[in-house]
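*Asks:* Right, I'll just put the structure down here and ask away after.
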Amino acid sequence: MADQNTTSATPALEVHDLTVSYHSKPVLWGVDFTVPQGTLTGIMGPNGAGKSTLIKSIMGLVEMNSGFAHILGGPLEKVRQQVSYVPQRESVDWNFPASVLDVVLMGRYGKLGLFKRPRKADKEAALSCLEDVGLLPFKDRQIAQLSGGQQQRVFLARALAQDADIYFMDEPFAGVDAATEQAIINLLKKMREQGKTVFVVHHDLQTAPEYFDWMVFLNTRLVANGPTKKVFTQEVLKETYGGKLSLLVQVGDLLAEEGLPPRKG
Amino acid sequence: MTLIAGDYWSMLAGCLVAIPCAILGCYLVLRRMVMIGDAISHAVLPGIVLAFMLTDKMDTLPLLIGAGSLGMLTTFLIEFLHRKVRLQEDASIGVTFTWLFAIGVILVSTFVSNVHIDQECVLYGDLVNIPFDLMEIGGKEMGPVAIWTLGLVNLCVLAFVWIFYRQLFITTFDPSFAVAIGISATLWHYALMGAVSMVSVASFESVGAILVVAFLVAPAATAYLLTDNFKLMLGLSVLFGIASAILGYLLAISLNSSAAGGMVTVAGGIFGLVFVLSPRYGMFSKKLRTLFKVA
Ligand SMILES: Nc1ncnc2c1ncn2[C@@H]1O[C@H](COP(=O)(O)OP(=O)(O)OP(=O)(O)O)[C@@H](O)[C@H]1O
Ligand SMILES: [Mg+2]
């Protein structure tokens, strides 16, 4: 835990009045929400909604124009060791001369400080994370020789190796087959049971209500934030995704099936 | 062809240029920053000249400081033009270093006239004369000054990449993740460019400002084609660097031409040979595609 003041009642994430812009064009505007600990939260919104930007600004990778993001009740610097980040897979060059184990070991670097080298314990932790994502047989492979879904799992294993309390994952299911997606979501649910908080950027509205118990809907502004049962409604979806009719009809059916209340607009 | 003692000093100097260049070159190639390396190796020139004008000597320390600050200035200007002014990166690089280099050339040709520093030497290096500038301590000859300078630079670069291996590795592969876990990508970017500046200034006397970039790129690019393992890539690039320096020097004496020119020709030749003969062609063509995206 961060310090004595942190209890399970402290929100995992508190974003206040967050505005971010690229070259003076705002991408996030006055975003304000709070997510409790122990949730598996879906961050949802159309392409270009600012989902990646939200995570990057929380992780201090892009500058905020205004507002702040507090993790476990404080700024990122105070809890950095407890926060883990999975970037979008396309953010790195996979032809890099590194093995799967090399990359997963990077998850341990944050705890090592300036001069210490990874020890046996770090290597063992990395190997056990590789086992969790089913990639142990691939540990010595060069990362270029993996499929897209396997590369995605390498990133996941690296995040697991950080042994954090809060996880931010940018599209961990992109390019992953159905069986792997199921395995990963089971892993994430297990992490939630252990009291960890996991944020996942996700695109598939069909699977979302089954995966997440909390959702944040975003489209430059915050559209909705709350428990899935409360916010996964046709009205919110319409406001988030605009008038893409076919999609909304599908989700309308889905809502009926799931017995979630399709609020009348 | 007979070699005299001086030739061995020159070859050694060539190797001592090739080794740190090859090592730093691996990082530049993987970071797609080869052209920034090129820019720095040119832009240190005004720093060298200013240091010389202020102290009136070719002392190592002022030179390293002068070149180091110019290297930082170059890195900063390129970043500034690219990120804040939003000029394309190649345009930012081009505009920055040609300008600084031109200032250096003007400074050399108008204000400085000295056996140690003239236009010719600055542009093309002077490997052959290295053995004649000897270090003396208490009246005792200790070998060429350049060997001592280059040796020191080699030690610094080796220590740098040895001690900070992890930081350089992670900020090269995934700078965003590095920043997220508290390892500053900017800090290590500048540290690396500082090292490149230092190596450039130590090398310019031997191989000249124009050809330093060849020592930065060719051995590293050759090694990149041959291995999937980063540590092995570092090792192979050093081997290719040394081979280019020695074989290139021999080629140059047998043709009675520029030593640095010979070395770069051989370095290019080795790259070509590996490119054609590599046994693992599949991997190869894939890597070439990334490599050419770099240039
Ligand atoms: N580095 C950048 N420079 C300029 N504009 C950017 C940059 N990164 C993102 N943008 C813009 O910011 C907006 C939000 O981008 P962001 O990547 O956060 O969207 P996203 O919700 O993650 O989308 P996706 O679902 O496609 O991943 C987009 O309009 C995008 O064009
Ligand atoms: Mg995104």
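The values are calculated or read from the model by the stated rules, or taken from the named source; none is laboratory data. The shown structure was predicted, so the numbers you read here are calculated from the model rather than taken from an experiment. Cβ coordinates were reconstructed from backbone atoms using ideal geometry, including for glycine residues, and neighbour counts include every protein chain displayed. Note: accessible area is taken over every heavy atom of the protein model, side chains too, but ligands, DNA and RNA are not part of it. Shrake-Rupley method; radii C 1.70, N 1.55, O 1.52, S 1.80 Å.
*Asks:* What translational D, rounded to a whole number of µm²/s, comes out for the stretch A:33-105 from Stokes-Einstein when the hydrodynamic radius is the Kirkwood one over Cα pairs, at 10 °C and 1.306 mPa s?
*Replies:* Rounded, D is 107 µm²/s.
*Asks:* Another question about this same structure. Say the dipole of chain B comes from +1 at the beta carbon of Lys and Arg and -1 at that of Asp and Glu; which of B:Leu216, B:Ile137, B:Tyr165 then lies farthest toward its positive end?
*Replies:* It is B:Tyr165, whose Cα lies furthest towards the positive end.
*Asks:* Still on this structure: Any idea how far apart B:Thr186 and B:Tyr8 come out in nm if each label point goes 7 Å out from Cα toward Cβ?
*Replies:* Going from the B:Thr186 label point to the B:Tyr8 one covers 5.0 nm.
*Asks:* Label-point separation (nm) for A:Glu210 and B:Ile137, each offset 7 Å from Cα along Cα-to-Cβ?
*Replies:* Going by the 7 Å Cα→Cβ label model, 7.5 nm.
*Asks:* Still on this model: What value, in deg cm²/dmol to 500, does the helix sum -39500 (n - 2.57) over DSSP H runs of n ≥ 4 give at 222 nm once divided by the residues of chain B?
*Replies:* That comes out to -27000 deg cm²/dmol.
*Asks:* How about the stretch B:1-92: which trypsin sites (Lys or Arg not before Pro) there lie in a loop by DSSP and see at most 12 other Cβ atoms within 10 Å?
*Replies:* B:Lys57, B:Arg86
*Asks:* Ok, one more. When the accessible area of the stretch A:9-256 is split by element with a 1.4 Å probe, what percent falls to carbon and sulfur? Could you put the intermediate results ahead of the total?
*Replies:* Working: 5060 of 10030 Å².
With neighbouring chains kept in place, the figure for the stretch A:9-256 is 50 percent.
*Asks:* Starting from the stretch A:84-129, pick out the chymotrypsin sites (Phe, Trp or Tyr not before Pro) whose DSSP state is loop and whose Cβ has at most 14 other Cβ atoms within 10 Å.
*Replies:* For chymotrypsin sites (Phe, Trp or Tyr not before Pro) across the stretch A:84-129 that sit outside H, G, I, E and B with at most 14 neighbouring Cβ atoms in 10 Å, the list reads A:Phe115.
*Asks:* Taking 7 Å along the Cα-to-C-beta vector as the label spot, tell me the B:Met72-B:Ser278 distance in nanometres, rounded to one decimal.
*Replies:* About 3.8 nm, to one decimal.
*Asks:* Which of rounded, prolate or oblate describes the stretch B:5-209 when judged by the alpha-carbon gyration tensor and an a/c cut-off of 1.5? Mind showing how you got there, number by number?
*Replies:* Working: a/c = 2.28, a/b = 1.42, b/c = 1.61.
Taking the square roots of the gyration eigenvalues as a ≥ b ≥ c, the stretch B:5-209 is oblate.
*Asks:* Measure out, as a whole number of angstrom, how far apart the alpha-carbon centroids of the stretch B:233-271 and the stretch A:49-78 sit.
*Replies:* 50 Å
*Asks:* In square angstrom and rounded to 100, what buried accessible area do you get between chains B and A, total over both, with the probe at 1.4 Å?
*Replies:* Summed over both sides, the interface buries about 2900 Å².
*Asks:* In Å², and per residue, what accessible area does chain A have when probed at 1.4 Å with the other protein chains present? Numbers along the way, then the final one.
*Replies:* Values: 11590 Å² over 265 residues.
Per residue, chain A has 44 Å² of solvent-accessible surface.
*Asks:* Something else: Of A:Gly50, B:Leu12, B:Gly269, whose Cα points farthest to the positive end of the dipole of the protein assembly as shown (charges on the beta-carbon: +1 Lys, Arg; -1 Asp, Glu; origin at the Cα centre)?
*Replies:* Selected residue: A:Gly50.
*Asks:* As a quick test, which of the pairs A:Lys78/A:Lys120; A:Lys25/A:Lys229; A:Lys116/A:Lys196; A:Lys56/A:Lys111; A:Lys78/A:Lys116 have an alpha carbon distance above 25 angstrom in this structure?
*Replies:* Over 25 Å apart, Cα to Cα: A:Lys78/A:Lys120; A:Lys25/A:Lys229; A:Lys116/A:Lys196.
*Asks:* Using the crude model of +1 on Lys and Arg Cβ and -1 on Asp and Glu Cβ, and no other charge, please compute the dipole size for the stretch A:9-256 relative to its Cα centre, in debye to 20.
*Replies:* That gives the stretch A:9-256 a dipole magnitude of about 600 debye.
*Asks:* Hey, can you find the accessible area per residue of the stretch B:116-227 for me, probe 1.4 Å, expressed in square angstrom?
*Replies:* For the stretch B:116-227, the per-residue accessible area is 36 Å².
*Asks:* How high is the FRET efficiency between B:Met53 and A:Gln81 when r is their beta carbon distance and R₀ equals 45 Å, given to the nearest 0.05?
*Replies:* Efficiency for this residue pair is about 0.35.
*Asks:* Okay, next question. Once you have the Cα-Cα distance between A:Arg141 and A:Thr19, take 0.36 nm times their residue separation minus that, and quote the gain in nm to one decimal.
*Replies:* Using 0.36 nm per residue and subtracting the Cα-Cα distance, I get 39.8 nm.
*Asks:* Also, I was wondering about something else. Cα gyration tensor of the stretch B:125-267, axes a ≥ b ≥ c as square roots of the eigenvalues: rounded (a/c below 1.5), prolate (a/b > b/c) or oblate?
*Replies:* Values: a/c = 2.56, a/b = 1.54, b/c = 1.66.
Judged from the Cα gyration tensor, the stretch B:125-267 comes out oblate (a/c at least 1.5, b/c at or above a/b).
*Asks:* Give me Rg over Rh for the protein assembly as shown, both radii from the alpha carbons and Rh done the Kirkwood way, two decimal places.
*Replies:* We get a ratio of 1.06 for the protein assembly as shown.
*Asks:* Find how much the distance from A:Ala9 to A:Glu90 grows on full extension, using 0.36 nm per residue of separation minus their present alpha carbon separation; answer in nm with one decimal.
*Replies:* Taking 0.36 nm per residue and subtracting the Cα distance, the gain is 25.6 nm.
*Asks:* Could you rank A:Asp102, A:Asp177, B:Asp90, A:Asp122 by how accessible they are, 1.4 Å probe, largest area first?
*Replies:* My answer, sorted largest first, is B:Asp90, A:Asp177, A:Asp102, A:Asp122.
*Asks:* Heavy atoms only, probe 1.4 Å: what % of the accessible area of chain B goes to carbon and sulfur, would you let me know?
*Replies:* Accessible surface attributable to carbon and sulfur in chain B totals 69 percent.
*Asks:* Dipole magnitude of the protein assembly as shown about its Cα centre, charges +1 at Lys/Arg Cβ and -1 at Asp/Glu Cβ only, in debye to the nearest 20?
*Replies:* 980 debye
*Asks:* Classify the stretch A:9-256: rounded, prolate or oblate, from the alpha-carbon gyration tensor (a ≥ b ≥ c, eigenvalue square roots; a/c under 1.5 rounded; otherwise prolate if a/b is larger than b/c)?
*Replies:* Working: a/c = 1.77, a/b = 1.39, b/c = 1.27.
Since a/c reaches 1.5 and a/b is larger than b/c, the shape of the stretch A:9-256 is classed as prolate.
*Asks:* Now, a different point. If ligands, DNA and RNA are left out, what is the accessible area of A:Lys229 with a 1.4 Å probe, given in Å² to the nearest 10?
*Replies:* Using a 1.4 Å probe on the heavy atoms, I get roughly 150 Å².
*Asks:* Further, regarding this structure: Could you work out the helix-only [θ] at 222 nm for chain A, with each DSSP H run of four or more residues adding -39,500 (n - 2.57) and the total divided by the number of residues, to the nearest 500 deg cm²/dmol?
*Replies:* -11000 deg cm²/dmol
*Asks:* What dipole magnitude, in Debye to the nearest 20, does chain B give about its Cα centre under +1 on Lys/Arg Cβ and -1 on Asp/Glu Cβ?
*Replies:* The calculation lands at about 1300 debye.
*Asks:* Rounded to the nearest whole Å², what accessible area per residue is found for the stretch B:49-96 with the 1.4 Å probe?
*Replies:* Counting only protein heavy atoms, the per-residue value for the stretch B:49-96 is 58 Å².
*Asks:* For the stretch B:189-237, list whatever residues lose no less than 10 Å² of accessible surface once every protein chain is in place, relative to that chain by itself, with the probe at 1.4 Å.
*Replies:* B:Tyr224, B:Asp228, B:Phe230
*Asks:* To the nearest 10 Å², what's A:Asp93's accessible area with a 1.4 Å probe?
*Replies:* The accessible area of A:Asp93 comes to roughly 40 Å².
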